[in-house]
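No value in this document is a laboratory result; all are computed from the given coordinates. Keep in mind the model is a prediction, meaning the values are calculated, not measured. A quick note on method: Cβ atoms are made from the backbone with ideal geometry, for glycine too, and the neighbour counts reach across all protein chains shown.
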Amino acid sequence: MTETTIPEYRSSETGTGPVGQPIARVDGPLKVTGRATYAYEHAVNGAAYGYILGAAIAKGRIAEIDSANAEQAPGVLHVMTYRNAPAQPAFGPAVTPTVPEVFTRARPMLNSNRVRFYDEPVALVVAETFEAARAAAGLIRVRYEEERGAFDLPARLAEAYAPRRTNAGFETDSAVGDFDGAFAAAPVTVDATYRTPYEHHNPMEPHATLALWSGDEVTVYTSAQTLANFQAGLASTLGIPRERVRIVSPFIGGGFGSKLIVHADSVLAALAARVLRRPVKVALTRQQMFANAGHRAEMVQQVRLGADRDGRLTSICHDVWSATSGFEEFCEQTAVFGRSLYAAPNRLTRHRLVPVDLNRGEWMRSPGEAPGMLAFESAMDELAEKLGLDPIELRIRNEPTVDPEQGVPFSTRNLVACMQEGARRFGWERRNPSPGRIREGRKLIGYGMAAAIRPNYIGAGTAKVAIDATGRVTARLDMTDIGTGTYTILTQIAAESLGVPIAAIKVELGDSRFPRTAGSGGSWGAASAGSALHHACNALKERIMEAARSSDRSPLRGANDVAPIFVGGEIRVGDRSVSLADLIGRIAPHGMEVTGSVAAARDTESYRTYSQHSYGAHFAEVAVDSDTGEIRMRRMLSVIGAGRILNPKTARSQILGGMTWGIGAALMEETVLDPRYGHFVNHDLAEYHVPVHGDVPEMEVVFLEEYDDKANPLGAKGLGELGVCGAGAAMANAIYNASGVRVREFPITLDKVLPGLPATAI
Amino acid sequence: MQPFTYQRANNVKEAAAAVAANREARFISGGTNLLDLMKLEIERPTHLLDISRLPLDSIEETPEGGLRVGAQVRNSDLAADPRVRSRYPVLSQALLAGASGQIRNKASTAGNLLQRTRCFYFYDRNMPCNKREPGTGCAALEGFNRIHAVLGASEACIAVHPSDMAVAMAALNAEVETTLPDGTIRTMPIGDLHRLPGATPHVETALGHGEMITAVILPPAPPGRQLYRKVRDRASYAFALVSVATVIEKSGDRIRSARIAIGGVAPKPWRPLEAEYVLAGAAAADSAFTEAAESALAGAVGRGGNDFKIPLAKRTLRQTLAAAVEGA
């Protein structure tokens, strides 16, 4: 473990090297020419194709399942149901003993006649072609004994319970001071209840797997964000040691948190491939992804804010009620961000859960902040109006000097600078604080803003880096690139550290045979994998210099007194220099290979002694049609303070994507659950709306200069999810400013705005 | 998807006869709707007759001064045709407001008319649906019916016809030309093509099995200003919550004549003739537009989730009429 940095080998912080440059994706050409092979595309001889049949009820049991016709259908090789599926461990308790086990627990499929949620797999048909399997699935007859399920959240808040912890192991509740007393005494208050709907990730690449066995070992080509967890989860389910499971996932068509655990595709492909002794491919259809690949749960959130007349918060309470699956608990950490955001002496956050008969909720981009900041930052806007204060000024007056609940200093925190820089660039002074006053033709124009915060974290990981006798460098780690640009930034980090051109670096990811990392998730990928690689490169330089100083064949023999500089493909020591390739050829003709590691943040002193978050400020201008209530974003700006930006191009893309998610959450994303049947009604992309190009006309991202030396040796902080945080609230606040209609039930569709619009005068 | 056989049609008459001879046969052209329905086994044809290559892809002048649009003219080509753009701008606007560029490049004129509803429950075979399986009931009536019909629906079905193009064609008094399996040709007003659900929502059109649409005939362009306004949940690639196609002719400060078709609110493009009567001869003022809008939606019935469509349609209609008159 190379935890401490070695100053003499420290990589450049001045922006002269590749890190910090807007380098285009190194994997871009492969992707745009179709040469990046995704899970389902891997070609193997003799692959068979599986098709999943889902349950037609949400709760009950299979009384009878007749697959005889399907088994006789042309091309069909196997029909797997609960009656003949290989034995798997039971599912286990709703809450795992420890947090990490949620990622590694067994997730058996077709192991019982119980139906726990609508469209849960009840059969897998495997055939010579996908079409034959799908056609045969339609021939299976299932008779169910249906039971009455529970689905309604708002009506059942009284049944809510307090979980032991939230996602990621945060405390369920937090309390400082006396909220009730302070809120009752506050001269200005907001008490507002918001609702956020079920949402679905819908990455462009569906969940898909090719599984092939060799003896008692299985290789699984799949689309996964964290290979080590995926490997462990699949091994648990199959009942084999994890060493016998190899996960390969070099390219991933988006994950957004929906590819952190094993799903039906990988489990069923592996089971069927073992039964049939031939490779099997299984993919979820787009429609099947709604029930079988995770969702963000519906929530009710009550936000209570008490302030003095100067706008200083005296009391903050954020109460969250969320739906959860009954068989596997998931408590999104929706109120946790507020524990670090604004100062107030009296504070309360609470998470409560209401069980429903659905599949488990999962980690959907910016879990916690995405729904939580929609509500909370809307409430701040409501408070600003009551106080007659500018929303930015309100936030500045409540800027804390230390983390308000942990009591520790911030590592870097540039929230105020983000808001002020954003206000200047956006033309915030043109906003009319009175809503409904700016008109352009038939359109009502409004401005809104919101803050963004997202925790910074490091997941433990190791990278292996090798250099060959020609000076070519290969870095290997089981990290993934889910479209974020990981290949590119890791290439930059290695190139800068070793002082070699980008073209001399090859980064290989997405294979569980490579050293273990924390994968992609929680915005920690770049900092975690990047730090591990940084340490590995330092270790390699140390190894090279040891050999260079001691080898007879080295021109640097004995150069012990001056710090070496790796730059331009050379090593310079004082007035001596040697080409790196030449040196390696002399001192290590078979190359060198070293590893470097990074420890999990929670095991480090700086994580305990500093509150570490990324920050931002979002600004939105919207137009509301005064006749129809149609809402369109017109322009949006996000100013981001997230430490050192490793690659402004890929970072910008991450923020743009997040802002677009914010627009979606504010305006259109909603999966409707029909409480009569327990199914998601609009389960396809025709009716589950996400923003299209026309919805995102003008977007700008600005990064503040920042270097967070408490976060990691790179000075970077996570930003993958930061763009979502608060972005939807900026939209909601702009809609209110435009129209004077405050909608607290997301998404804000035109039917909710329409009743509040004036009867039109033509 | 069920296994099926596939054949390319050689000519219209044979194609019509071939489909007529097999209850389980379907015409296919762009396939932008039928293939999706087949994958979900909502449509389960055993035989597909591909009519996309039949020589029905031209737009020709009619002796009367209108246009004869071949059934296989692609939506993109129809929208871009200079004659359509100049003489029937409402049709071009409606086409371009629909679907996406890729879909418009594939979708045919006849296929657009015959596309099926986007009702969520129709698309899910586990749900009751009188249109998909007669007699099973309608899950939308008491369900999530935000996108459903407020006009022309029944207790058996509240599905909406999703086409934009057809709404404009209704306002243009287009006629639909078909070939019957015996080779005879008939034409009908576009308003007669789609049937209201009543007790038989599975019967969606006046066409017999095997009867093929061969053309849409646009009468000479009506005088006045044409306008299409589509209201939807996002800027593009969403079906209409409400749409309005209108053709308004003014004479001085008065409206000489007005035609209105409303989309997104009914099982077919909705022509509120009573509203058109209200406008004929009326002063071109807000009061007339309001009266027309009230009249057009007079019989509307909300089912809960779609209640908002009634005020939305009125407001959209008023504003679209006003905007059209302004430029007329």
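Here the dipole of the stretch B:225-327 is about 400 debye; that uses its Cα centre as origin and unit charges on the Cβ of Lys and Arg (positive) and Asp and Glu (negative). Using only side-chain charges placed at the Cβ, +1 for Lys and Arg and -1 for Asp and Glu, the dipole size of the stretch B:5-50 relative to its Cα centre rounds to 100 debye. What translational diffusion coefficient, to the nearest whole µm²/s, does the stretch B:225-327 have by Stokes-Einstein, given a Kirkwood radius computed over alpha-carbon pairs, a temperature of 10 °C and 1.306 mPa s viscosity? It diffuses with D of about 117 µm²/s by this estimate. When A:Glu705, A:Glu199, A:Glu332, A:Glu146 are sorted by how many other C-beta atoms sit within 10 angstrom of their C-beta, beginning with the fewest, the order is A:Glu705, A:Glu146, A:Glu199, A:Glu332.
So what's the stretch A:505-585 giving for Cα Rg divided by 2.2 N^0.38 Å, two decimals?
So the stretch A:505-585 has a normalised radius of gyration of 1.38.
Per the Debye formula on identical point scatterers at the alpha carbon atoms of the stretch A:662-722, with no solvent, log10 I(q)/I(0) at q = 0.12, 0.18, 0.25 Å⁻¹ is -0.57, -0.80, -1.08. Divided by 2.2 N^0.38 Å, where N counts the residues, the Cα radius of gyration of chain B comes to 0.98. Ordering B:Leu151, A:Leu353 by the number of other Cβ atoms within 10 Å of each residue's own Cβ, fewest first, gives B:Leu151, A:Leu353. Of the peptides A:294-303, A:427-436, the order by per-residue mean of other Cβ atoms within 10 Å, starting with the highest, comes out as A:294-303, A:427-436. Set against the 2.2 N^0.38 Å expectation for a compact globular protein, the stretch A:74-120 has a Cα radius of gyration ratio of 1.46. For a straight C-alpha distance cut-off of 23 angstrom, the lysines reachable from A:Lys31 (same-chain residues fewer than eight places away being disregarded) are A:Lys259, A:Lys281, A:Lys506, A:Lys649. Spacing of the modelled spin labels on A:Asn84 and B:Ser257, each 7 Å from Cα toward Cβ, amounts to 7.0 nm. Ordering A:Val122, A:Thr96, A:Leu157 by Cα displacement along the dipole of the stretch A:87-162 toward the positive end leaves A:Thr96 in first place; charges were set at the Cβ atoms of Lys, Arg (+1) and Asp, Glu (-1).
If you take the Cα centroid of the stretch A:75-140 and the Cα centroid of the stretch A:249-308, the two points sit 14 Å apart. The residue among A:Ile571, A:Gly407, A:Ala734 whose Cα reaches farthest toward the positive pole of the charge dipole of the protein assembly as shown, with charges on the beta-carbon of Lys, Arg, Asp and Glu, is A:Ile571. Remark: A:Met633, B:Met165, A:Met545, A:Met204 ranked as A:Met204, A:Met545, A:Met633, B:Met165, counting other beta-carbon atoms within 10 Å and listing the fewest first. The stretch A:170-223 and the stretch A:55-73 have Cα centres lying 33 Å from one another. For B:Lys230, the lysines whose Cα falls under 30 Å of its own Cα, not counting residues fewer than eight places away in the same chain, are A:Lys443, A:Lys752, B:Lys39, B:Lys106, B:Lys131, B:Lys250, B:Lys268, B:Lys309, B:Lys314.
Per-residue mean of foreign Cβ neighbours for A:53-61 is 1 (Cβ atoms of other chains, 10 Å radius). Distance between the C-alpha centres of the stretch A:358-410 and the stretch A:532-601: 48 Å, rounded to the whole angstrom. Considering every alpha-carbon pair of the stretch B:76-175, the percent of pairs per 10 Å bin, from zero through the bin containing the longest distance, is 15, 39, 27, 17, 3.
Helix-only arithmetic for chain B: the sum of -39500 (n - 2.57) across DSSP H runs with n ≥ 4, divided by the residue total, places the mean residue ellipticity at 222 nm at -7500 deg cm²/dmol. Per-residue mean of foreign Cβ neighbours for A:493-501 is 0 (Cβ atoms of other chains, 10 Å radius). Quick check: convex hull of the Cα atoms in the stretch B:5-50, volume per residue, rounded to a whole Å³? With only Cα atoms used, the stretch B:5-50 gives 62 Å³ per residue. Packing, as the average of other Cβ atoms within 10 Å across residues, places the peptides A:240-247, A:357-364 in the order A:357-364, A:240-247, highest first.
Would you mind giving the mean number of other chain beta-carbons within 10 Å of the Cβ of each residue in B:229-242, as a whole number?
Taking all residues of B:229-242 together, the mean is 6.
Global dimensions of chain A from alpha-carbon coordinates: Rg and Dmax equal 27.2, 91 Å. Take each peptide in A:513-519, A:554-560, A:152-158, count the other Cβ atoms within 10 Å of every residue, and average; sorted highest first, the result is A:513-519, A:554-560, A:152-158.
Its convex hull of Cα atoms gives the stretch A:252-347 a direction-averaged projected area, equal to a quarter of the hull surface, of 9.6 nm².
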